[in-house]
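Asker: Please see the structure below; I have some questions.
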Amino acid sequence: MAALPRIRPRPPAGLCVLIGLLLTLSAGAAPLTPAPAVHEVDWDTSPLDLNLRGLNGERFRFQCPSGKARPGQVIGSGPYTDGSTICAAAVHAGVIKAAGGGLVTIEIRPGEAHYEGSWRHFIQSERYERFWSGSFLIVTPDGTDRPL
């Protein structure tokens, strides 16, 4: 018995025209990018808690509530260790005020050989003299990094 030839079904002509039209329109359009998600955090949350280490160059947005930093929550002066809390580092960097909280964007960075401490915006950040495996920067509302 001879093998039957394969028959491929052809899509309807209207479908081909529609696909062609969509491809033509999408070629000239700017790509759509979703708005970055905003995650709510508290005054104890660090990038390390959120497993962000190693996502170097990635930016994340957080909503910090009003609150108050406790001693030892911030290590570094920008960059900060990824064990530092996001909200306290944002106040230290001058991007938000503790009493009002606010929207904070961070950028994940590789670790540093050491971190300097400093007194800024009523927060004393700690110095760390050894290598730490992950860092982050606070990004200002205009999109620039804040490594003061």
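The values are calculated or read from the model by the stated rules, or taken from the named source; none is laboratory data. As the structure is a computational prediction, the values presented were derived from the model and not from experiment. No Cβ is skipped: glycine too gets one built from the backbone with ideal geometry, and neighbour counts run over all protein chains shown.
Asker: Given the criteria at negative phi, β-branched (Val, Ile, Thr), touching a strand residue (DSSP E or B) at 6+ places or on another chain (Cβ under 8 Å) and at pLDDT 95 or above, does residue 38 qualify? It would help to see each step written out before you state the result.
Answerer: Numbers: at negative phi: yes; β-branched (Val, Ile, Thr): yes; touching a strand residue (DSSP E or B) at 6+ places or on another chain (Cβ under 8 Å): yes; at pLDDT 95 or above: no.
Considered against the rule, which asks whether it is at negative phi, β-branched (Val, Ile, Thr), touching a strand residue (DSSP E or B) at 6+ places or on another chain (Cβ under 8 Å) and at pLDDT 95 or above, residue 38 comes out as no.
Asker: Got at least one residue in region 100-121 being on the phi < 0 side of the Ramachandran plot, among the charged types (D, E, K, R) and touching a helix residue (DSSP H, G or I) at 6+ places or on another chain (Cβ under 9 Å)?
Answerer: Looking through region 100-121, at least one residue is on the phi < 0 side of the Ramachandran plot, among the charged types (D, E, K, R) and touching a helix residue (DSSP H, G or I) at 6+ places or on another chain (Cβ under 9 Å).
Asker: Oh, and also: Could we say that residue 109 is among the basic types (Lys, Arg), touching a residue at least 60 places away in the same chain (Cβ under 8 Å) and surrounded by 14 or more Cβ atoms within 10 Å (Cβ to Cβ) here?
Answerer: no
Asker: Also, I was wondering about something else. Specify which of the listed residues (121, 92, 114) is without any contact (Cβ under 8 Å) to a residue 24 or more places away in the chain and not basic (Lys, Arg).
Answerer: Result of the check over 121, 92, 114: 114.
Asker: Exactly one of (1) in a loop (DSSP other than H, G, I, E, B); (2) surrounded by 19 or more Cβ atoms within 10 Å (Cβ to Cβ) is unmet by residue 117. Its number?
Answerer: Tallying (1) in a loop (DSSP other than H, G, I, E, B); (2) surrounded by 19 or more Cβ atoms within 10 Å (Cβ to Cβ), residue 117 fails exactly one: (2).
Asker: When you scan region 77-86, do you find a residue that is touching a Lys or Arg at 6+ places or on another chain (Cβ under 7 Å), outside any strand (DSSP E or B) and modelled with pLDDT under 95, even just one?
Answerer: Yes, the conditions are met somewhere in region 77-86.
Asker: Could you list all residues from region 43-53 that are touching a residue at least 40 places away in the same chain (Cβ under 8 Å) and surrounded by fewer than 12 Cβ atoms within 10 Å (Cβ to Cβ)?
Answerer: The answer is none; no residue qualifies.
Asker: Okay, moving on. For region 101-113, give me each residue that is part of a loop (DSSP other than H, G, I, E, B) and over 22 Å from residue 51 (Cα atoms). Lay out the reasoning, then the answer.
Answerer: Kept after step one, since they are part of a loop (DSSP other than H, G, I, E, B), are these residues of region 101-113: 113.
Within region 101-113, no residue meets the criteria.
Asker: Now, a different point. Condition first: part of a helix (DSSP H, G or I) and β-branched (Val, Ile, Thr). Now tell me which residues in region 87-100 satisfy that. Break it down stepwise before answering.
Answerer: Let us first name the residues in region 87-100 that are part of a helix (DSSP H, G or I), namely 87-93.
Scanning region 87-100 gives a single hit, 91.
Asker: Out of (1) surrounded by fewer than 20 Cβ atoms within 10 Å (Cβ to Cβ); (2) without any contact (Cβ under 8 Å) to a residue 60 or more places away in the chain, what's the single condition that is false for residue 103?
Answerer: Status for residue 103: all satisfied but (2).
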